[in-house]
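For reference, the structure discussed in these notes is given below.
The values are calculated or read from the model by the stated rules, or taken from the named source; none is laboratory data. Remember, it's a predicted structure, so these values are computed and weren't measured experimentally. No Cβ is skipped: glycine too gets one built from the backbone with ideal geometry, and neighbour counts run over all protein chains shown. When the accessible area is computed, the model is the full protein with side chains, heavy atoms only, and any ligands, DNA or RNA have been set aside. Shrake-Rupley method; radii C 1.70, N 1.55, O 1.52, S 1.80 Å.
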Amino acid sequence: MRILGIETSCDETGIAIYHPDSGIIANLLHSQTEIHRDYGGVVPELASRDHIQRIIPMIQSVMSMTGLHSTDIDGIAYTSGPGLIGALLTGAAVGRSLAYAWKIPSVGVHHMEAHLLAPMLEKEAPENPFLALLVSGGHTQIIQVDAPGHYRLLGESLDDAAGEAFDKTAKMLGLGYPGGAALSVLAETGNPLRFSFPRPMTDRPGLDFSFSGLKTASVNALKQAGNDEQTRADIARAFVDAAVDTLVIKCKRAMLQTGIYTLVAAGGVSANRQLRSALASMVASIGGKVFYPRPEFCTDNGAMIAYAGYLRLINGESEPLSFAAHPRWALAASEL
Ligand code: KG4
Ligand code: ZN
């Protein structure tokens, strides 16, 4: 059984093929960063237009790279939400139509479900139940995963997502867009003792987050301390330390509260080096284990969509001829 996966929820076109015995046998990604950089954020209409131009040639490329014919594909999975409506509709329309033409089933996949299942593509995969820390440009959530398809939201950001806060702070420090990764590199040369930012919402019970205050703390520090290179690095360091510390405190709290000591970290920010090392120490201190997707499967990709779709298709899920895109879509509503 081979599943073609299509990701078009935001500013990356991802196309991949998954086979249960061989794993991911093809994986192509096209990032639109260059298109959006000058605007300091993703421009939805430009994103949709680029997906439209890329999607068919990229599908043709994965087919020719693998030497597969349309009759070798048994199902199609595409991201149907959450994300940008025009971008989602591109993947949904192409995915659903191709499945119709090829006379195979298709399924719309929840983007965040695909992120949290991505570590299952690794040799060392987590066992159920586990907790998932989902940290991306649009979401910060802690989810209890009883089994694939059975999700409980334990906590989430009440304002900015972690990736959004990284990107906004990075932009303010002149690091371009999206600057999450560059901010983390700059933080490595910063002095950890110069500024101390709050660890929002850690002083009260619960597993929700708030990251907008950290962005404000960065703005205030920049205003007060000046804009030289060392100050920018020191602010980056204070921001990264506070964001990482906050995520780690909440993950530890969730693990102790639920008694589930297996943690998965996924989504773009889970590629962050400081977060990975802090999670590793915390989890070791309580006798737990943490799992990640490989770095290229932390950020958006078609492989995770193909895999999440595979789980749904073998479960007998498939769609009628109509299709839908859900710009907002709660993960718990996508039960298998
Ligand atoms: O999962 P993703 O590719 O897209 C969404 O679904 O949003 O996540 C993108 C986010 C961006 O905010 C980006 O700056 C952030 O992940 N990111 C990082 C790192 N790599 C990507 N943030 C911090 N450190 C990184 N190394
Ligand atoms: Zn994502």
Restricting to the range 183-215, give me the number of residues that are closer than 16 Å to Gly41 by Cβ and open to solvent by 40 Å² or more (accessible area, probe 1.4 Å). 1
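What number of residues within the range 71-82 are open to solvent by less than 30 Å² (accessible area, probe 1.4 Å) and not in a strand (DSSP E or B)? Break it down stepwise before answering.
Looking only at the range 71-82, we keep the residues that are open to solvent by less than 30 Å² (accessible area, probe 1.4 Å), and these are 73, 75-82.
From the residues that got through so far, the ones that are not in a strand (DSSP E or B) too are 73, 82.
Of the residues in the range 71-82, 2 are open to solvent by less than 30 Å² (accessible area, probe 1.4 Å) and not in a strand (DSSP E or B).
Which is more than 14 Å from ligand 1 (Cβ to nearest atom) and out of contact with any Asp or Glu (no Cβ under 6 Å at 6 or more places or on another chain), of Ala266, Ala271, Ala243, Ala284?
On the way: Ala266 fails: more than 14 Å from ligand 1 (Cβ to nearest atom); Ala271 fails: more than 14 Å from ligand 1 (Cβ to nearest atom); Ala243 fails: more than 14 Å from ligand 1 (Cβ to nearest atom).
Of Ala266, Ala271, Ala243, Ala284, the one residue that is more than 14 Å from ligand 1 (Cβ to nearest atom) and out of contact with any Asp or Glu (no Cβ under 6 Å at 6 or more places or on another chain) is Ala284.
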Lone unmet requirement of (1) within 16 Å of ligand 2 (Cβ to nearest atom); (2) in contact with a strand residue (DSSP E or B) (Cβ under 6 Å, 6 or more places away or on another chain); (3) outside any loop (DSSP other than H, G, I, E, B) for His36: (2)
Flagged in the range 269-294 as within 14 Å of ligand 2 (Cβ to nearest atom) and not small (Gly, Ala, Ser), in numbering order, are Val269, Pro293
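Picking from Leu153, Leu121, Leu131, Leu116, which residue would you name as being open to solvent by 10 Å² or more (accessible area, probe 1.4 Å) and either more than 16 Å from ligand 2 (Cβ to nearest atom) or closer than 18 Å to Leu247 by Cβ (or both)? If you could, list the steps in order and put the result at the bottom.
Working: Leu121 fails: either more than 16 Å from ligand 2 (Cβ to nearest atom) or closer than 18 Å to Leu247 by Cβ (or both); Leu131 fails: open to solvent by 10 Å² or more (accessible area, probe 1.4 Å); Leu116 fails: open to solvent by 10 Å² or more (accessible area, probe 1.4 Å).
Answer to the selection: Leu153.
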Condition set within 16 Å of Pro200 (Cα to Cα) and charged (D, E, K, R), scope the range 150-176, selection nearest to ligand 1 (Cβ to nearest atom): answer is Glu164
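Of everything in the range 24-51 that's farther than 22 Å from Trp102 by Cβ and of a type in the set (Gly, Ala, Ser), which residue is farthest from ligand 1 (Cβ to nearest atom)? Reasoning before the result, please.
So in the range 24-51, the residues farther than 22 Å from Trp102 by Cβ come out as 29-50.
From the residues that got through so far, the ones that are of a type in the set (Gly, Ala, Ser) too are 31, 40-41, 47-48.
Values: Ser31: 9, Gly40: 13, Gly41: 10, Ala47: 12, Ser48: 16 Å.
Checking each candidate, the answer is Ser48.
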If I filter the range 178-189 for residues that are in a loop (DSSP other than H, G, I, E, B), within 16 Å of ligand 1 (Cβ to nearest atom), of a type in the set (Val, Ile, Thr) and in contact (Cβ under 8 Å) with a residue 12 or more places away in the chain, do I get at least one hit? yes
Could you figure out which of (1) more than 20 Å from Asp300 (Cβ to Cβ); (2) among the hydroxyl-bearing types (Ser, Thr, Tyr); (3) in contact with an Asp or Glu (Cβ under 9 Å, 6 or more places away or on another chain) isn't true of Ser106? (1)
For Met255, the lone unmet condition from (1) buried (at least 19 other Cβ atoms within 10 Å of the Cβ); (2) closer than 24 Å to Ala165 by Cα is (2)
Note on Lys215: of the conditions (1) assigned to a loop (DSSP other than H, G, I, E, B); (2) of a type in the set (D, E, K, R); (3) modelled with pLDDT under 95, unmet is (1)
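Mind checking whether some residue in the range 261-274 is touching a residue at least 24 places away in the same chain (Cβ under 8 Å), assigned to a loop (DSSP other than H, G, I, E, B) and open to solvent by less than 20 Å² (accessible area, probe 1.4 Å)? Step through it out loud before you land on a result.
As a first pass, look at the range 261-274 and keep what is touching a residue at least 24 places away in the same chain (Cβ under 8 Å): 261-274.
If we keep only those that are assigned to a loop (DSSP other than H, G, I, E, B) too, we end up with 261, 267, 272.
Now narrow it down to the ones that are open to solvent by less than 20 Å² (accessible area, probe 1.4 Å): 267, 272.
Looking for residues that are touching a residue at least 24 places away in the same chain (Cβ under 8 Å), assigned to a loop (DSSP other than H, G, I, E, B) and open to solvent by less than 20 Å² (accessible area, probe 1.4 Å), one finds at least one in the range 261-274, hence yes.
So which residues in the range 6-20 are in contact with a His (Cβ under 9 Å, 6 or more places away or on another chain) and either outside the structural domain of Ile35 (by TED's automatic domain parsing) or open to solvent by less than 10 Å² (accessible area, probe 1.4 Å) (or both)?
Selection gives Glu7, Thr8, Ser9, Thr13, Gly14, Ile15.
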